[in-house]
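Right, one structure below, let's go through it.
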Amino acid sequence: MTHMNTQESVRAQYAREGNLTTRRSVWQPTADGRDPATEAARTIAEARPRRVLEVGCGTGAFAERLVAENPDAEIVATDQSERFVELTAARGVEARVADLQDLPFPDDSFDVVAAMWMLYHVPDLDRGLAEVRRVLRPGGLFVAVTNGDEHTAGLRREAGGEAMVTQFSSENGEQSLRRHFDQVTREEFATRAVFPDHAAAEAYLASMQDGFDWRLPHFEGSKEYAGHVTLFAVS
């Protein structure tokens, strides 16, 4: 099952925060306690940036963390969703509505750009990555986090669907990045989706708003499904 990224579907899915909140609520770190967002924040802090841009900031949780962990840096967050920009600004983060494909910033504006679980939504991925390259200063760092094709594939198959194959994943993301950047490193995370009950799993599937008729067989108690996340650090 290929995840389509029409601008209309993305805007509808993220017009409000409910779908994103539902999905985030079930994710747990790896068995040895490694968390992709924590590792991404650590990677950014180690770069000792002066200016950081997060694109596709969602509700602002990661941007708020960057503010707290980089007190001497200027943090700017953008998203296409007016609601998400409103929520991010309410956290005390400088936030504005913007499209990754046409960033409203001069060349060489930022030491770090972060894209957390969002590049698979960009209609013209190469145009978006070219914009990241443009606003990064020479020697700057781009941190991109994404899911693999088998991310929650067990849940999707049990519910009558297929694995979600996207344009920017663990499998193909490095190839896309190397069209624009010279150095790409990666770190893998075997995350876990833990659902307290059947209703929570159904709500997770429904939050995708992809029009598929999910039919998840009933189960009692909690259930866990495997995830797969990759953190790319690019310069």
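The values are calculated or read from the model by the stated rules, or taken from the named source; none is laboratory data. Small disclaimer: the values here were computed from a predicted structure and weren't measured. Note: ideal-geometry Cβ built from the backbone for every residue, glycine included; neighbour counts use all protein chains shown.
Among the numbered conditions (1) among the aliphatic types (A, V, I, L, M); (2) closer than 25 Å to Glu69 by Cα; (3) modelled with pLDDT under 95, tell me where Met1 comes up short.
That leaves (2) as the condition not met.
From the residues in region 88-122 that are touching a helix residue (DSSP H, G or I) at 6+ places or on another chain (Cβ under 6 Å) and part of a loop (DSSP other than H, G, I, E, B), which one is farthest from Gly173 (Cα to Cα)?
So the residue we want is Arg91.
Looking at region 37-69, which of its residues are under 17 Å from Ser109 (Cα atoms) and surrounded by fewer than 20 Cβ atoms within 10 Å (Cβ to Cβ)?
The answer is Ala47, Arg48, Arg50, Arg51.
Within region 73-106, how many residues turn out to be closer than 17 Å to Thr21 by Cβ, in contact with a strand residue (DSSP E or B) (Cβ under 9 Å, 6 or more places away or on another chain) and of a type in the set (A, V, I, L, M, F, W, C)?
Of the residues in that region, 3 qualify.
So which of Ala95, Ala73, Ala77 ends up being closer than 22 Å to Pro138 by Cβ and surrounded by 15 or more Cβ atoms within 10 Å (Cβ to Cβ)?
Ala73
Just to confirm my filter: which helices (runs of 4 or more DSSP H) fall fully inside region 126-235 and include at least 1 residues that are on the phi < 0 side of the Ramachandran plot and within 15 Å of the chain's Cα centre (by Cα)?
In region 126-235, 173-177 are the helices (runs of 4 or more DSSP H) which contain 1 or more residues that are on the phi < 0 side of the Ramachandran plot and within 15 Å of the chain's Cα centre (by Cα).
Can you run down the residue pairs with Cβ atoms below 6 Å, 6 or more apart or on separate chains, where the first is in region 164-186 and more than 16 Å from Tyr120 (Cα to Cα) and surrounded by fewer than 20 Cβ atoms within 10 Å (Cβ to Cβ) and the partner is hydroxyl-bearing (Ser, Thr, Tyr) and at pLDDT 95 or above?
Within 6 Å, the pairs are Arg186/Thr230.
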